[in-house]
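Asks: What follows is a single structure, and I will ask about it in a moment.
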Amino acid sequence: MRILTALVVSLLFLNASAQKKLGTVSGTVVDENDNPITRTSVIILGNQTGVFTNDTGYFIIKVPADKGCALVFSHIGYKDLHKTFNLINKEEEQVVIKLEKDKKMMTTVVVSSDPRVADPGHVKINPINTQAAPTPTGGIEGLIQTLVGSNNELTSQYSVRGGNYDENLVYINDFEIFRPYLVSNAQQEGLSLINPELAKNVNFYNGGFQAKYGDKMSSVLDIQYKKPKAFGGSAYASLIEQGFHLEGSSNNNKFTYLIGARNKNNSNLLGTQETTGNYTPSSNDVQTYLTYKLNQKWQLELLGIVSTTKFSFVPQSAQKTSSVFSPFYTSDLALNILFQGQEKDSYATDMIGFTAINKPTKKLTLKWMASFFRDNEKQNTDIGGTYLFGERDFDQTSSTYGQIINPLGAGFYQDYIRDALTINQWSLSHKGSLEEGKHFIQWGATFEQTSINDKVYEWNFQDSAGYSVPTNSNPGGPFQLNNFINSAADLSIQKYSGYLQDNINLSGKNKDVILQAGVRYNYNSLNKEFFVSPRLQLSIKPNWNKDMVFKFAVGSYNQPPFYRELRAYDGTLNTAIKSQKSFQVVAGMDYNFKSSNRPFRMTTEAYYKKLWDVNPYDIDNVSIKYFGTNNAKAYAYGLETRFYGQLIKDAESWLSIGLMHTMENIDNLSYYNYLNAAGQVITAQTPDKTVKDSVRQNVGWVRRPTDRLLTVGLFLQDYLSTNQNYRVHLSTIYGTNMPYNIPGSTKYRNGLEIEPYIRVDIGFSALLLDEKQLPPRSHNPFRGFKSIWASLEVFNLIDRDNVISYQLIKDFSNTTYAIPNRLTPRLLNFKIVGQF
């Protein structure tokens, strides 16, 4: 009996021990675009128990060890996938499972995961391409500029479909991000607040966007930062910018972290401009994104950004020679300037956002958000310039070669600025979504409290040929400043906004149809204006052999005034200014196809915008100066076509072509002509020799400052057919002329033109290290890196002298001339990038 008992106990022990031999399989389940698929079923083949993936697509499951087993991954709308494992006891294996869509099953979940169908009018950008794009600005905005055009390689800002820089929305993880407001020249700009090394998904909407996106009129850039699954990172260095990032997660994947730091110095780039001097720009930032999963229903997230930019400039001299335009004179003229004084600016932007996500059921998601944004800017300028202009001697045999031999004008000017701006904004938001049958309902509500403390003290003195401009009509009186602003503001603004929208699946047997119907509201205490904007998007995907989607969007979009829109040219503050409003219609087509077994995509969109209560503005470099009144109406219409594809395998390229026209009609914008004794229209306004014509001339419809007929952008990647380790990247932008308005001139609004912008940047890169090619026992000190790339970039390959603005000067007879301010010439840059 004792022997039998011992034998039974031993058998039970051995059986228990055998059952404890388990391995662990963990990883993520993603779709064809590497987006996580939540609530994917993961079960052991032949077993009824299993697990589901979480909000990030992550799963972990125990499997039998020392024998083969299969896991079945299944999700409605995707084909089931079977994967076999053969693990030893306590072995752990991490995998990435990619599910393929099942075209026979088009449910709400499937449609909402297809951005072409669920989100018409948007462009998905791969953040990986940001390191490859050879542009001085770099980053995600550098890629966007090849899609929508640009007029300045020193700025990360962009204009979309006739709108200005202030009309673009930018989000990082659903938090709205703001740029510095006092920046007037792109040289003063630092880093963009978007760190491309941290980005996972980048979606760009260039019009007709949904109600869930906020209160601007032109575009939305929606960035989602990563939720890493394992330790990794990157580091890079170039002559312009340096940075690194780290990412990782805890063993149980409940805690994830993402941190990045960058530094940018444009000295080499700015030192090549026409104005020589000591440029000392410096910009750096630190960003972090942390997540913690409390349980299956609750997750916490934290986003933090600290960014500082300092710009110091001590100009010495400038020599400019070009064909200039005056309303009264056209010739090849030269300008020499000797400077004294300096400029010192600082811009500090901090942001922290906290998010709590609750998922009570697999169909309901609730999100609570709180954030604080702080902007502290200071500009201090005191620069004087003594100038001489006229005809320059280009005869190399002459003793006066390079000198101005026929002076037309001389003088002195001084710019003085002491500006300070502080903006504090607190925000509380709630957002939610619910999947119910054929409906995907989304809603949100936001409260914002903004305080603005602003001090503007600026003046400009001009002395032409010994006379102050403008002259004092009172003989012996004090001289007058050409421009003087002394203004202060202390504002407290409350803003309430929200939205409700429903994505409805109306798919039938022969077509897939998604209708997005939504409404957005906003109210602000500044002007006590309440606005409701309905928006509608429709996508139709016929059941054709060709993969085509037809898209339509119509809606109302308004833009409440924030800071710059309140200030007029003279510095006065108009707190009663209304929101700018627009009605927009978009129609387009999206066509996917394959050629040589590689994917290609063509999109075409036509659009029309009608705008009213418009606040007119002028653009000088990146400075936007508003009239501070709602005294204009405007319109914009155009056609955009884009081609995306892999001209060679695994190297994405695109071509963007846009046609656009935008005009405005400003109320009470009129002028009088001045006549001489013979009744002829003359230009000089000398009181004792001229009279004002009694006929008032109305300006009527004029081109808006962003009007550009044709824009072409190209981003091209290629590599050697015999060795993919050597690649070339090309970025090209072409844009036709744009109007330039002479400040304070009504008669000569649109009097100048900024000539066509042509920019070609090219980069050559080589793979220095690939972990896949290292021997198994290699002692390479860089073995921890996955890859190391080195790049040589040539900015402005064709050495084009692009114009960004004009400098207005006067000759001895008080006639005004406009001399172009040029952008950067050709420049080399070296960059090295490592990933680990």
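The values are calculated or read from the model by the stated rules, or taken from the named source; none is laboratory data. Keep in mind the model is a prediction, meaning the values are calculated, not measured. Methodologically, a virtual Cβ is constructed for each residue, glycine included, from the backbone with ideal geometry; neighbour enumeration extends over all protein chains shown. Ligands, DNA and RNA are stripped out before the accessible areas are found, and what is left, the full protein with its side chains, is counted by its heavy atoms. Shrake-Rupley method; radii C 1.70, N 1.55, O 1.52, S 1.80 Å.
Asks: Given 377, 391, 448, 458, which one is touching a strand residue (DSSP E or B) at 6+ places or on another chain (Cβ under 6 Å), at pLDDT below 85 and part of a strand (DSSP E or B)?
Replies: Details: 377 fails: at pLDDT below 85; 448 fails: at pLDDT below 85; 458 fails: at pLDDT below 85.
Sole residue among the options that is touching a strand residue (DSSP E or B) at 6+ places or on another chain (Cβ under 6 Å), at pLDDT below 85 and part of a strand (DSSP E or B): 391.
Asks: So which residues in segment 56-65 are within 27 Å of residue 226 (Cβ to Cβ) and open to solvent by less than 60 Å² (accessible area, probe 1.4 Å), if there are any at all?
Replies: Once the filter is applied, which keeps residues that are within 27 Å of residue 226 (Cβ to Cβ) and open to solvent by less than 60 Å² (accessible area, probe 1.4 Å), segment 56-65 yields 56, 57, 58, 59, 61.
Asks: Something else now. From the list 361, 272, 355, pick out the single residue that is within 30 Å of residue 433 (Cβ to Cβ) and in a loop (DSSP other than H, G, I, E, B).
Replies: Answer to the selection: 361.
Asks: For segment 548-585, how many residues are open to solvent by 10 Å² or more (accessible area, probe 1.4 Å), over 30 Å from residue 743 (Cα atoms) and β-branched (Val, Ile, Thr)?
Replies: So the answer is 2.
Asks: Specify which of the listed residues (371, 283, 322) is in a strand (DSSP E or B), hydroxyl-bearing (Ser, Thr, Tyr), farther than 23 Å from residue 240 by Cα and at pLDDT below 95.
Replies: On inspection, the qualifying residue turns out to be 322.
Asks: Being polar (S, T, N, Q), surrounded by fewer than 20 Cβ atoms within 10 Å (Cβ to Cβ) and within 23 Å of residue 375 (Cα to Cα) narrows it down to one of 242, 287, 273, 224, so name that one.
Replies: Answer to the selection: 224.
Asks: Here's a check for you: in segment 344-396, which residue that is of a type in the set (Phe, Trp, Tyr) and open to solvent by 40 Å² or more (accessible area, probe 1.4 Å) is farthest from the chain's Cα centre (by Cα)?
Replies: The residue in question is 394.
Asks: Considering each of 686, 629 in turn, give the residue that is at pLDDT 80 or above, in a loop (DSSP other than H, G, I, E, B), over 23 Å from residue 603 (Cβ atoms) and among the hydroxyl-bearing types (Ser, Thr, Tyr).
Replies: 629 is the lone residue from the list that is at pLDDT 80 or above, in a loop (DSSP other than H, G, I, E, B), over 23 Å from residue 603 (Cβ atoms) and among the hydroxyl-bearing types (Ser, Thr, Tyr).
Asks: If you don't mind, there's one more thing I want to ask. Within segment 574-584, does at least one residue satisfy the condition of being in a strand (DSSP E or B), of a type outside the set (D, E, K, R) and closer than 30 Å to residue 645 by Cα? Write out each step before concluding.
Replies: So in segment 574-584, the residues in a strand (DSSP E or B) come out as 580-584.
Next, from what is left, pick out any that are of a type outside the set (D, E, K, R): 580, 582-584.
Add one more test, that the residue is closer than 30 Å to residue 645 by Cα, and what stays is 584.
Checked against the condition, which is being in a strand (DSSP E or B), of a type outside the set (D, E, K, R) and closer than 30 Å to residue 645 by Cα, segment 574-584 yields at least one hit.
Asks: Mind checking which residues of segment 731-745 are among the small types (Gly, Ala, Ser) and assigned to a strand (DSSP E or B)?
Replies: Answer for segment 731-745, where residues must be among the small types (Gly, Ala, Ser) and assigned to a strand (DSSP E or B): 731, 735.
Asks: Could you list, in sequence order, the residues of segment 19-38 that are over 30 Å from the mean Cα position of the chain (by Cα) and within 26 Å of residue 363 (Cα to Cα)?
Replies: Result: 26, 27.
Asks: Restricted to segment 701-729, and to residues that are over 19 Å from residue 619 (Cα atoms) and among the β-branched types (Val, Ile, Thr), which residue is farthest from the chain's Cα centre (by Cα)?
Replies: This residue is 722.
Asks: Would you be able to say whether some residue in segment 436-447 is surrounded by 18 or more Cβ atoms within 10 Å (Cβ to Cβ) and of a type in the set (Asp, Glu)?
Replies: Checked against the condition, which is being surrounded by 18 or more Cβ atoms within 10 Å (Cβ to Cβ) and of a type in the set (Asp, Glu), segment 436-447 yields no hits at all.
Per-residue answers, yes or no, for (1) in contact with a strand residue (DSSP E or B) (Cβ under 8 Å, 6 or more places away or on another chain); (2) modelled with pLDDT of 75 or more; (3) not charged (D, E, K, R):
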{"position": "13", "(1), (2), (3)": "no, no, yes"}
{"position": "16", "(1), (2), (3)": "no, no, yes"}
{"position": "19", "(1), (2), (3)": "no, no, yes"}
{"position": "28", "(1), (2), (3)": "yes, yes, yes"}
{"position": "31", "(1), (2), (3)": "yes, yes, no"}
{"position": "40", "(1), (2), (3)": "yes, yes, yes"}
{"position": "45", "(1), (2), (3)": "yes, yes, yes"}
{"position": "48", "(1), (2), (3)": "no, no, yes"}
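Asks: Read through the list (1) farther than 24 Å from residue 554 by Cα; (2) surrounded by 20 or more Cβ atoms within 10 Å (Cβ to Cβ); (3) at pLDDT 80 or above, then give the number of the only condition that residue 160 fails.
Replies: Of (1) farther than 24 Å from residue 554 by Cα; (2) surrounded by 20 or more Cβ atoms within 10 Å (Cβ to Cβ); (3) at pLDDT 80 or above, only one is false for residue 160: (1).
Asks: Return the residues of segment 66-103 that are open to solvent by less than 10 Å² (accessible area, probe 1.4 Å) and either polar (S, T, N, Q) or not in a strand (DSSP E or B) (or both); say none if nothing qualifies.
Replies: 77, 87, 99
Residue-by-condition table, conditions (1) touching a Pro at 6+ places or on another chain (Cβ under 6 Å); (2) within 26 Å of residue 652 (Cα to Cα); (3) of a type outside the set (A, V, I, L, M):
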site	(1), (2), (3)
130	yes, yes, yes
141	no, yes, yes
144	no, yes, no
157	no, yes, yes
167	no, no, yes
182	no, no, no
189	no, no, yes
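Asks: Search segment 477-515 for residues being among the aromatic types (Phe, Trp, Tyr), surrounded by fewer than 18 Cβ atoms within 10 Å (Cβ to Cβ) and at pLDDT 85 or above, and hand back the single one that is farthest from the chain's Cα centre (by Cα).
Replies: So, considering only residues that are among the aromatic types (Phe, Trp, Tyr), surrounded by fewer than 18 Cβ atoms within 10 Å (Cβ to Cβ) and at pLDDT 85 or above, the one farthest from the chain's Cα centre (by Cα) is 484.
Asks: Checking the structure you have, find out if any residue of segment 773-790 is buried (at least 16 other Cβ atoms within 10 Å of the Cβ), aromatic (Phe, Trp, Tyr) and over 24 Å from the mean Cα position of the chain (by Cα).
Replies: yes
Asks: Further question on the same structure: Restricting to segment 532-547, name every residue that is open to solvent by less than 30 Å² (accessible area, probe 1.4 Å) and either at positive phi or free of Cβ contacts under 8 Å to residues at least 60 places away in the same chain (or both).
Replies: Across segment 532-547, the qualifying residue is only 542.
Asks: Scan 558, 592 and give me the residue that is closer than 25 Å to residue 217 by Cα and either of a type in the set (S, T, N, Q) or not in a strand (DSSP E or B) (or both).
Replies: None of the other options fit; the residue is 558.
Asks: Based on what the data block shows, is residue 231 farther than 25 Å from residue 299 by Cα, hydrophobic (A, V, I, L, M, F, W, C) and surrounded by fewer than 18 Cβ atoms within 10 Å (Cβ to Cβ)?
Replies: no
Asks: Then there is this: Which of the residues belonging to segment 717-760 are of a type in the set (Phe, Trp, Tyr), modelled with pLDDT of 90 or more and either in contact with a Lys or Arg (Cβ under 6 Å, 6 or more places away or on another chain) or crowded, with 18+ Cβ neighbours inside 10 Å (or both)?
Replies: Selection gives 740, 757.
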